Amino acid sequence: MTTAPERDLRTDVTPLAPGAPRSGTTFLGLPTAPRGVGHLRGDQSFPEAARTALRDGQLRANLGHATSTIRRKRANVVGEVPDWEQLRQAGKAVKTATMARLDEHLVELERQVTARGGVVHWARDADEANAIVTRLVQATGADEVVKVKSMATQEIGLNEALEDAGITAHETDLAELIVQLGDDKPSHILVPAIHKNRAEIREIFLRTMQGVDPELTDEPRRLAMAARKHLRERFLRARVAISGANFAVAETGTLAVVESEGNGRMCLTLPQTLITVMGIEKLVPTWRDLEVFLQLLPRSSTGERMNPYTSMWTGVTPGDGPQEFHLVLLDNGRTAVLADEVGREALHCIRCSACLNVCPVYERTGGHAYGSVYPGPIGAVLSPQLTGVEDNASLPYASSLCGACYDACPVAIDIPSILVHLRAEHVEAQEKVTPEAAAFRVLAKAMSNPRLWHLTQRVAGLGRFLARGKPTMPAALPPPVSGWTRSRDLPAPPKQTFTQAWAREHGGRR
Amino acid sequence: MKVALFATCLVDTVVPQVAMATARLLERLGHEVVVPPGQACCGQMHVNTGYRREAVPIVANHVRAFAGAEAVVAPSGSCVASIHHQQAMVLRRAGEDGLAAEAESLAERTYELSQFLVDVLGVTDVGAYYPHRVTYHPTCHSLRLLRVGDRPLQLLRAVRGLTLVELPDAESCCGFGGTFAVKNADTSTAMLTDKMANVLSTHAEVCTAGDASCLMHIGGGLSRLRSGTRTVHLAEILASTEDAVTPNQTTKPAVPA
Ligand code: SF4
């Protein structure tokens, strides 16, 4: 009896469907986040978008100021925890173990939430999730909802979907409100309006808030009071709230939202109906696991020892808080990420934003250049995996691989290694040989054969004639070298290489 | 000790004086230096650009070239980091388990220059003389992947005549990042500009580091601005003595080559 040889997916070069994740144990064709809905794809490549953003002096100043402040705060409060590294490794271990049995934990979560009076919905992707939430809101008869700041609902474009159904969504997180009123896009996962300064915020409030005091100044307290007045009306009026979740505890069916302002808690307690949209990776198996993350998260994100508000709820409690609770569990490409043995670590993210704040690329380009609601280092590894790497092919390259993100990440996600892995996934997904690939192949041939390599070095050395005796090469060279020479001089190659010189000196021909 | 010098592809081809300085320094400290002629590249550029399959024969060549070496030293934090963190992984992924094991054991014997001097040889004063005002940029891979810590600073502090000035915001990336410098040239330039502003604020004559690649980037920018501040590899500074100091290390070796 003979069986057909099995494809070894680690070495098989046959292209998979474009954008499909490929690596060791991937089974083929897990669905990624669909196109045409949500905010995971930009309309420009990262280098193009960055070129525009880098010219924005105000953006650079605002971001430079904000990120350096928060970096300092974080470093201080992390530095005072003697066992931070152990805590970090514990966080990583809990996440790794959870992901390994995610299916079982999810079913347990569903069982517990249901037993405590909640209703669980499973959404394969953004379209399904939007449809479920819209249907649920319509069933209450409400035509407006208040929202707790949530990345998942930004990811799927829920506000737009609700708007299409005639339902107005009011963002209640201060920064998210600024973005919404300014008809802008979030540029940071924790502080969506980080790219705006006080003066700009004042201007947005004056322009868009009905009944705002025309004498409003840019004093932070005055701005907060104006937002408070604006929001208070909506809190008291709202019958439906929509939230995300930082954590869900499978063993108890408890959901948790961690925040600074208390606006989230207003949403979570006042309305009659609460709908929570949560990525399936956000759960932890046991209540005790929260101990680790509630220490890691605030110090890493806002640089606080403890965040002001941690709201937890378990199903519904008669006569107290929302009487109807729905949990929408969102996949939208996450199972595809889980299938990639290198990339899956990105699912450990607790959205603290420390990696954004320490990233030298993010600090200069801002979040919009990434084209996704997930910017910065985590965005560069998460967005391409959720959408399929070909739909976000420039993002894995949007990093100098300096490693600051890995050092800062409270759950020790090795972002640089995932970036490098995704670059390879992109390269290996090409069906045609690109000029770059051809060049790298030729170079690889040369670099693996000493004789060819010495010949290549000699040819490269001829470049010195272009310099015509000067120590540097001409500034105007053809692409791709022009990418270098536009801003940097290139030294003229020397007459002889080191190995040549050494061999001469030591008597061999080398 | 018999030390095999891995020049790295960039240093060998573009800034040979850095490898020569490394060799002279090690010889001056009483060690025998050999330069395995089969060496080419560690494979890092291929791996980091996404060509990990193409990198396999490059890594294999590297492992072959240095087989049997007692200790390998390279004047580059980045290449040594790749040898430590990437080579075996790349080979293993390609199913080359035997070679991967060899790469791992070679990695254990491979050192970045400052780590070799301080940890293996146990010296911080290498007897160098370098009468210049110098600032030190800790390159990302030596800082975060190899954790060289303050070893380069210990070495620099012991250099006679050298005035060491602290670089503000030293630990932020210079923006080189291999092919990042070309693929994301604008962002890379923005990062470089901030690095140069910090370098220039120190009024140092020389900016030094343990990686020729980052120095080529920073130095290329400083040279384009005609700033007058030059970049010189740590090895060149450590190789300099009263008998062999030249003022323009960027174009002439600190030691007669
Ligand atoms: S990847 Fe790590 S550092 Fe970045 S947001 Fe997620 S948890 Fe925080």
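The values are calculated or read from the model by the stated rules, or taken from the named source; none is laboratory data. Because the structure is a prediction, the values reported are computed rather than measured. A quick note on method: Cβ atoms are made from the backbone with ideal geometry, for glycine too, and the neighbour counts reach across all protein chains shown. Ligands, DNA and RNA are excluded from the accessible area calculation, which covers all protein heavy atoms including side chains. Shrake-Rupley method; radii C 1.70, N 1.55, O 1.52, S 1.80 Å.
Filter the stretch B:209-227 down to the residues that are touching an Asp or Glu at 6+ places or on another chain (Cβ under 8 Å) and over 18 Å from A:Ser400 (Cβ atoms), then identify the one that is most open to solvent (accessible area, probe 1.4 Å). Result: B:Arg224. Of all residues in the stretch A:254-286, those being hydroxyl-bearing (Ser, Thr, Tyr) and open to solvent by less than 10 Å² (accessible area, probe 1.4 Å) number 3. Could you list, in sequence order, all residues of the stretch A:177-212 that are surrounded by fewer than 16 Cβ atoms within 10 Å (Cβ to Cβ) and aliphatic (A, V, I, L, M)? A:Ala199, A:Leu206, listed by residue number.
Got at least one residue in the stretch A:455-477 being more than 16 Å from the ligand (Cβ to nearest atom), outside the structural domain of A:Gly371 (by TED's automatic domain parsing) and surrounded by 20 or more Cβ atoms within 10 Å (Cβ to Cβ)?
Scanning the stretch A:455-477, I find at least one residue that is more than 16 Å from the ligand (Cβ to nearest atom), outside the structural domain of A:Gly371 (by TED's automatic domain parsing) and surrounded by 20 or more Cβ atoms within 10 Å (Cβ to Cβ), so the answer is yes.
Taken together, the residues in the stretch A:94-120 that are surrounded by 13 or more Cβ atoms within 10 Å (Cβ to Cβ), small (Gly, Ala, Ser) and out of contact with any strand residue (DSSP E or B) (no Cβ under 6 Å at 6 or more places or on another chain) amount to 2. Quick one: would you say A:Val328 is within 16 Å of the ligand (Cβ to nearest atom) and either buried (at least 18 other Cβ atoms within 10 Å of the Cβ) or aromatic (Phe, Trp, Tyr) (or both)? No. Taken over the stretch A:339-359, residues that are more than 6 Å from the ligand (Cβ to nearest atom), open to solvent by 10 Å² or more (accessible area, probe 1.4 Å), within 14 Å of another protein chain (Cβ to nearest Cβ) and part of a helix (DSSP H, G or I) amount to 1.
Here is a yes/no grid of residues against (1) assigned to a loop (DSSP other than H, G, I, E, B); (2) in contact with a helix residue (DSSP H, G or I) (Cβ under 8 Å, 6 or more places away or on another chain):
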residue: A:Phe205; (1), (2): no, yes
residue: A:Pro214; (1), (2): yes, yes
residue: A:Glu233; (1), (2): no, no
residue: A:Glu261; (1), (2): yes, yes
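Working only within the stretch A:157-176, note down all residues that are part of a helix (DSSP H, G or I), of a type in the set (D, E, K, R) and open to solvent by less than 50 Å² (accessible area, probe 1.4 Å). Passing the criteria: only A:Glu176.
Return the residues of the stretch A:426-454 that are closer than 19 Å to A:Ala393 by Cα and at the interface with another protein chain (Cβ under 9 Å from one of its Cβ atoms); say none if nothing qualifies.
First pass over the stretch A:426-454, keeping only residues closer than 19 Å to A:Ala393 by Cα: A:426-438, A:440.
Within the stretch A:426-454, A:His426, A:Val427, A:Glu428, A:Glu436, A:Ala437, A:Phe440 meet the criteria.
Among the residues of the stretch A:367-383, those that are within 14 Å of chain B (Cβ to nearest Cβ), more than 9 Å from the ligand (Cβ to nearest atom) and in a helix (DSSP H, G or I) comprise A:His368, A:Ala369, A:Tyr370, A:Ala380.
Contact annotation: residue pairs with Cβ atoms under 8 Å, 6 or more positions apart or on different chains, pairing a residue in the stretch A:400-425 that is at the interface with another protein chain (Cβ under 8 Å from one of its Cβ atoms) and more than 13 Å from the ligand (Cβ to nearest atom) with a partner that is among the basic types (Lys, Arg) and in a helix (DSSP H, G or I), are A:Cys402/B:Arg144; A:Val420/B:Arg52; A:Ala424/B:Arg52; A:Ala424/B:Arg53.
If I filter the stretch B:189-201 down to residues being hydroxyl-bearing (Ser, Thr, Tyr) and more than 7 Å from every other protein chain (Cβ to nearest Cβ), which single residue comes out as nearest to B:Leu222 (Cα to Cα)? Reasoning before the result, please.
First, pick out the residues of the stretch B:189-201 that are hydroxyl-bearing (Ser, Thr, Tyr): B:189, B:193, B:201.
Filter once more, keeping what is more than 7 Å from every other protein chain (Cβ to nearest Cβ): B:193, B:201.
On the way: B:Thr193: 9, B:Ser201: 13 Å.
The extreme case among them is B:Thr193.
Taken over the stretch B:138-171, the criterion of being within 12 Å of another protein chain (Cβ to nearest Cβ) and under 17 Å from the mean Cα position of the chain (by Cα) is satisfied by B:Pro138, B:Thr139, B:Cys140, B:His141, B:Ser142, B:Leu143, B:Arg144, B:Leu145, B:Leu146, B:Arg147, B:Glu171.
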